[in-house]
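Each remark here refers to the structure printed beneath this line.
The values are calculated or read from the model by the stated rules, or taken from the named source; none is laboratory data. Since this is a predicted model, take the numbers as computed values, not measurements. Heads up, the Cβs are rebuilt from the backbone with ideal geometry, glycines too, and the neighbour counts pull from every protein chain shown. Keep in mind that these areas ignore ligands, DNA and RNA; they rest on the heavy atoms of the full protein, side chains included. Shrake-Rupley method; radii C 1.70, N 1.55, O 1.52, S 1.80 Å.
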Amino acid sequence: MIWELIREVTLQLISGLDPETQRVVLITVLTLYMATMSTTVSSLIGIPLGAFIGMRKSQLFLLFRVFTHSLYGLPPVIAGLLVYMLLSRAGPLGPLGILFTPTSMIVAQCLLITPLITGISASAVDSLPKNIEDTARSLGANRIDLIKTMLYEARLGLFTAVMLGFGRAISEVGAVIIVGGNIKWHTQVLTTSIVLETQRGNFNYALTLGAILMLIALIISLVLTIAQKKKGSNLRSLLIKGGGKG
Amino acid sequence: MKVEVKGLSKRFEDRLALDDVGFQVPEGKITAIVGPSGSGKTTLLRIINMLDRPTKGKLVINGKDPAKNGHSQVLKKMVMVFQNPVMFNRSVIANVSYGLKVRRVDKTKVKDRSEKALERVGLGDRAGQYAPTLSAGESQRMAFARGLVLEPELMLLDEFTANLDPGNVALLEKLVMDYNKDSDSTIVLATHNLYQAKRLSHHCIFLFDGKLIEKGRTKKMFSSPKDPLTKKFLSGEIAW
Ligand SMILES: Nc1ncnc2c1ncn2[C@@H]1O[C@H](COP(=O)(O)OP(=O)(O)OP(=O)(O)O)[C@@H](O)[C@H]1O
Ligand SMILES: [Mg+2]
């Protein structure tokens with residue numbers, strides 16, 4: 001639904017361009033939409049879950065973290081296969097009818113990115129100075145204040161988790177090609193169109209798409225590097241003023 | 001705030017950090033916990049602040065077991081200043097305001113009170129500095145301000161002047177004495193600095209190897225210690 005709206009608006013805005021350029025724009029917009037949505041959903045699950053795990057020191061949670069880490073390496077095609085089976089007409093969620101739509105691609109990506117964001121968030125919270133938690137508690141923080149404080153203190157690590165999740169989302173092929181079907185004008189994203197165009201021998205077109213993908217990746221790593229350099233500044237001042245105290 | 005500990009023991013793996021410690025903290029007074037390094041001072045303060053649970057024994061606050069009677073209200077009336085204070089990754093003023101914010105104090109008052117507290121410890125001009133960049137002594141003063149600003153009924157100070165120069169030691173000691181006098185608050189401070197215990201405290205507790213060896217009025221304990229161990233410690237013969 002949201003995607004339909006974005007798609008219509010985008011097509012309206014670029015209606016003056018030639019069809020090939022229009023397609024490139026639409027592909028890029030879908031890629032960003034898909035990566036943003038899957039990263040958002042995964043962050044909403046992964047950050048609180050990771051923080052919770054990171055604050056616990058028991059064996060059980062350690063085991064859970066090992067499990068999370070092992071999911072980092074989950075082959076995307078397997079994630080794609082699982083989601084495909086889940087959403088195909090005969091599958092348990094078949095009646096939703098979302099296979100071969102951007103939504104199904106987002107679902108598949110969440111399966112891939114959530115463990116990543118959970119794991120990095122857990123490490124970020126776990127590696128805070130041990131006394132931070134005691135200090136907050138001693139100053140009167142209740143359980144909710146405490147979780148908020150830990151998240152805020154670990155904000156740089158959490159930001160890294162989100163950016164890495166986004167990076168994985170835009171560059172992933174295997175899962176989205178299975179569940180999205182790589183349908184022209186509908187479910188093609190940068191990576192999957194590169195696959196298609198390469199197979200057809202349209203190397204120039206594929207290279208253009210590749211350049212766009214690289215550019216997005218470059219921006220992500222640039223933002224991350226700045227953030228890590230400006231340790232301690234808060235995110236807002238970081239992004240708006242390019243850093244500073246407080 | 002009436003604080004009492006009864007038969008407290010705390011075991012860390014094979015080490016008994018506290019061994020059957022019991023005493024009543026005199027209300028509205030300054031009590032010093034003295035003892036050599038490793039004698040259990042920090043452990044004791046942490047149990048009173050409910051950061052750790054005792055292995056045996058209990059903590060009684062205002063006649064009740066706080067673990068059973070909604071300790072969050074009690075916790076909001078006490079604060080501990082740690083031996084090695086850690087700064088939140090924020091500005092100095094945001095660090096000092098932290099406790100007021102979690103107490104949902106009115107925003108305009110938060111700023112005002114925090115600034116005043118910083119001025120009192122001589123850091124009035126550091127409000128905007130990123131707290132983790134403070135020097136060790138500045139951190140310690142900031143941590144003290146961060147506790148004092150809450151106007152707690154019970155203040156637990158763990159070696160709160162260990163990193164300070166004599167001038168700042170005097171400044172903070174005066175703040176403690178004034179605060180105790182003006183507010184009827186109860187103060188418990190852990191220190192291995194006997195002179196500090198002598199200067200500040202009304203009552204004194206001597207811990208040794210996790211055991212409470214002697215307790216009483218500071219003046220009396222320093223002038224005529226009963227236990228031979230106390231005598232040795234006061235004369236500097238115990239190096240641990
Ligand atoms: N979490 C812990 N795990 C294991 N042992 C601990 C732990 N905390 C404290 N101990 C041990 O318990 C004993 C008492 O420690 P505590 O920190 O209370 O001493 P202290 O009197 O505050 O010493 P200092 O004057 O050096 O600060 C020490 O031997 C210490 O090594
Ligand atoms: Mg100590």
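Structure values in brief
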item	result
Filter pass, B:Val21 being within 12 Å of ligand 1 (Cβ to nearest atom), under 26 Å from B:Asn180 (Cβ atoms) and in contact with a Gly (Cβ under 8 Å, 6 or more places away or on another chain)	yes
Residue in segment A:133-156 that is within 23 Å of A:Thr225 (Cβ to Cβ), small (Gly, Ala, Ser) and within 19 Å of the chain's Cα centre (by Cα) present	yes
Top-ranked residue of segment B:87-110 - restricted to ones that are farther than 13 Å from B:Val149 by Cβ and open to solvent by 30 Å² or more (accessible area, probe 1.4 Å), ranked as farthest from the other protein chains (Cβ to nearest Cβ)	B:Thr108
Scan of segment B:118-139 for residues that are within 13 Å of chain A (Cβ to nearest Cβ) and either of a type in the set (Val, Ile, Thr) or crowded, with 17+ Cβ neighbours inside 10 Å (or both), ordered by number	B:Arg126, B:Ala127, B:Gln129, B:Tyr130, B:Ala131, B:Thr133, B:Leu134, B:Ser139
Residue, farthest from B:Thr31 (Cα to Cα), within segment B:158-189, restricted to residues that are in contact with a Gly (Cβ under 8 Å, 6 or more places away or on another chain) and not in a loop (DSSP other than H, G, I, E, B)	B:Asn168
Per-region count, segment A:118-133, residues open to solvent by 10 Å² or more (accessible area, probe 1.4 Å) and either in contact (Cβ under 8 Å) with a residue 24 or more places away in the chain or facing chain B (nearest Cβ under 7 Å) (or both)	9
In segment B:43-62, residue farthest from ligand 2 (Cβ to nearest atom) [restricted to those that are open to solvent by 70 Å² or more (accessible area, probe 1.4 Å) and over 20 Å from the mean Cα position of the chain (by Cα)]	B:Lys56
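Table: residues versus (1) small (Gly, Ala, Ser); (2) in a helix (DSSP H, G or I).
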| site | (1), (2) |
| --- | --- |
| B:Asp52 | no, no |
| B:Lys58 | no, no |
| B:Ser72 | yes, yes |
| B:Pro85 | no, no |
| B:Asn89 | no, no |
| B:Asn95 | no, yes |
| B:Tyr98 | no, yes |
| B:Asp112 | no, yes |
